[in-house]
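Structure first, commentary second.
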Amino acid sequence: GRLAAEALPNEIVYAGFSLGVMPAQMLAQTRRGTKGALLFHGCFPTSEFGGTWPQGVPLQIHMMDADEWALPPNEDLEVARQLAETIPSAELFLYPGDRHLFADNSLPDYD
């Protein structure tokens, strides 16, 4: 993620799907000039990347409320709720359902 992003302009929106939220969130949180982040199907505590979410940077998290990959023992849904409650520029979009990759129209989980 970090090496690939060196060729990109700083002022962009980062997006990630599933495990891809890790580099997207890391770059959005640590790279100067970030315009926003779209995290689909997962997220991490901001402490995972060494600090707080950048002030004023919009964050959207999109998940299904019964996605087995977001529920315990995984902590994604709990973390998403915490981020939405503690970061003024964060929004959690929680959809009914149990699919994980629901936004990828090339997969059976698409909804």
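The values are calculated or read from the model by the stated rules, or taken from the named source; none is laboratory data. In this text the structure is predicted, and so the values were computed from the model without any measurement. All Cβ positions, even for glycine, are placed from backbone atoms using ideal geometry, and neighbour counts span all protein chains on display.
Taken together, G56, G50, G1 contain a single residue that is closer than 20 Å to L101 by Cβ and of a type in the set (G, A, S), which is G1.
Just a yes or no: is a residue in the range 26-35 more than 17 Å from G56 (Cα to Cα) and modelled with pLDDT of 90 or more? Scanning the range 26-35 turns up no residue that is more than 17 Å from G56 (Cα to Cα) and modelled with pLDDT of 90 or more.
Among the residues of the range 1-50, those that are farther than 17 Å from R81 by Cβ and of a type in the set (D, E) comprise E6, E11. Keeping to the range 68-111, report how many residues are out of contact with any Lys or Arg (no Cβ under 9 Å at 6 or more places or on another chain) and either crowded, with 17+ Cβ neighbours inside 10 Å or small (G, A, S) (or both). Adding up the residues that qualify gives 18.
Listed here are the residues, each with its yes/no results for (1) hydrophobic (A, V, I, L, M, F, W, C); (2) closer than 30 Å to D111 by Cβ.
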site	(1), (2)
G1	no, yes
E11	no, no
L19	yes, yes
M26	yes, yes
K35	no, yes
T52	no, no
Q55	no, no
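Under the condition of being of a type in the set (A, V, I, L, M), in contact with a Lys or Arg (Cβ under 9 Å, 6 or more places away or on another chain) and under 12 Å from E48 (Cβ atoms), the residues counted in the range 13-34 number 1. Of all positions in the range 62-73, at least one carries a residue that is modelled with pLDDT of 95 or more and either among the charged types (D, E, K, R) or touching a Gly at 6+ places or on another chain (Cβ under 9 Å) (or both).
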